[in-house]
Amino acid sequence: EERGAAEGELPDLPEPGDADDPESLGDIAISYDTCAAEAAEAGKPLADHVTHLVIHGVLHVLGYDHIRDGDATLMEGIEVRALARLGLSDPY
């Protein structure tokens, strides 16, 4: 997939559509079993891990990714700041 932004820069945001026909951004699917196992392995509350995955998924549907190093740094920084605002620790 070709991104509109240079590495480490904000992605081009999706078109919003309008009130009568909003643009679908995509789906976010989280496997309970996998999420619970990852949380247990990391020694963190399941709710904290789910919150991180939801934030991560929302960023993906908004066009962020972590394939290139600069993009990963940008995306992870946003995740860490969002989680901190919710009182959750840095997952990285």
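Readers should treat all values here as calculations from the given coordinates under stated rules, not as data from a laboratory. As the structure is a prediction and not an experimental result, all values here were calculated from the model. Because the Cβ atoms are built from the backbone with ideal geometry, glycine has one as well, and the counts that use them run over all protein chains shown.
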**Request:** Filter the range 73-92 for residues that are farther than 14 Å from Leu10 by Cβ and of a type in the set (A, V, I, L, M, F, W, C) and give the result.
**Result:** Val80, Ala82, Leu83, Ala84, Leu86, Leu88
**Asked** Out of the range 23-72, which residues are under 16 Å from Leu13 (Cα atoms) and of a type in the set (S, T, N, Q)?
**Response** Ser24
**Prompt:** Picking from Asp71, Asp65, Asp48, Asp27, which residue would you name as being closer than 16 Å to Asp90 by Cβ and acidic (Asp, Glu)?
**Reply:** Asp48
**Request:** Tell me, please, whether a residue that is exposed (fewer than 15 other Cβ atoms within 10 Å of the Cβ) and in contact with a strand residue (DSSP E or B) (Cβ under 8 Å, 6 or more places away or on another chain) can be found in the range 6-18.
**Result:** yes
**Fill in**
Within the range 1-19, residues being more than 16 Å from Asp65 (Cβ to Cβ), in a loop (DSSP other than H, G, I, E, B) and of a type outside the set (A, V, I, L, M, F, W, C) number 3
